[in-house]
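Below is one structure; the comments refer to it alone.
The values are calculated or read from the model by the stated rules, or taken from the named source; none is laboratory data. Everything numeric here is computed off the predicted structure, so don't read it as measured data. Neighbour counts are summed over all protein chains in view; Cβ atoms, including those assigned to glycine, are modelled from backbone coordinates with ideal geometry. Heads up: the accessible areas ignore ligands, DNA and RNA and are worked out on the full protein's heavy atoms, side chains in. Shrake-Rupley method; radii C 1.70, N 1.55, O 1.52, S 1.80 Å.
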Amino acid sequence: MDTLPYPVQTAFPLLFMLVPALGALLSCRRHPSRPKAEVWQRWWAVGALGVGSLWVALAFLAAPDAMADVIGFARSPFQFEIAFANLGLAVLGFRGASASPRERLTSGLAAAAFLWGAAIGHVYQWFAGGDHAAGNTGGILANDVLIPAVMIALAMRDVRRNHAGHGRLAHLAA
């Protein structure tokens, strides 16, 4: 992998955002009567968060030495914890296929708690430690920031749409 150009090394995680985006676009075209925000949420939850997190979990469990190299760290028991944290995110993402907008919002917030913290760690290691490894910057950093941000934004839009016209009390009770 070291012989590949850096942009190629770091681009793989971006597929976990690109594929769901294309799926949502095509699904919206094929079924124009479905609410677009809901279609996007379901594709994003399952594809970006679910599949992406499952891939990370399996990679850390099946190839911990390779993953340590990819992220620019020495192998550590911490990788086992990262694997299971990502497995939890995968469960939340797959749950998004049939979840309500509020559940998808909660999944996005939970993903943000972990992934935005990871993003801060990536940036810190990048600048403080000079870690420019493909698994520390680039595609994975973009995923850590954008996947929860998009989930939260889409779910908030859908929650607001579902509560429009129900009055302030109904909104507060929800």
Only residues that are out of contact with any Pro (no Cβ under 7 Å at 6 or more places or on another chain), open to solvent by less than 20 Å² (accessible area, probe 1.4 Å) and either in a helix (DSSP H, G or I) or modelled with pLDDT of 95 or more (or both): list them for the stretch 99-117, please. 104, 107
Run down 48, 57 and say which single residue is more than 15 Å from residue 147 (Cα to Cα), buried (at least 18 other Cβ atoms within 10 Å of the Cβ) and either of a type in the set (Lys, Arg) or within 14 Å of the chain's Cα centre (by Cα) (or both). 57
Which one of the conditions (1) over 23 Å from residue 11 (Cβ atoms); (2) exposed (fewer than 13 other Cβ atoms within 10 Å of the Cβ) does residue 120 fail to meet, given that it meets all the rest? (1)
Under the condition of being exposed (fewer than 14 other Cβ atoms within 10 Å of the Cβ) and either under 12 Å from the mean Cα position of the chain (by Cα) or of a type in the set (A, V, I, L, M) (or both), which residue from the stretch 13-45 is farthest from residue 147 (Cα to Cα)? 26
Conditions (1) open to solvent by 40 Å² or more (accessible area, probe 1.4 Å); (2) more than 17 Å from the chain's Cα centre (by Cα); (3) over 19 Å from residue 13 (Cβ atoms); (4) of a type in the set (Asp, Glu): number failed by residue 158: (1)
Under 7 Å between Cβ atoms, at least 6 apart or on separate chains: pull out the pairs that start in the stretch 82-102 with a residue that is of a type in the set (Lys, Arg) and end on any residue that is surrounded by 20 or more Cβ atoms within 10 Å (Cβ to Cβ). 95/107
Of all residues in the stretch 67-96, how many are assigned to a helix (DSSP H, G or I) and either aromatic (Phe, Trp, Tyr) or open to solvent by 50 Å² or more (accessible area, probe 1.4 Å) (or both)? 10
Within the set of pairs 6+ apart or on separate chains, which have a first residue in the stretch 118-136 that is closer than 16 Å to residue 6 by Cβ and among the hydrophobic types (A, V, I, L, M, F, W, C), a second that is open to solvent by less than 50 Å² (accessible area, probe 1.4 Å) and outside any helix (DSSP H, G or I), and C-beta atoms under 7 Å apart? 126/136; 126/137; 133/72
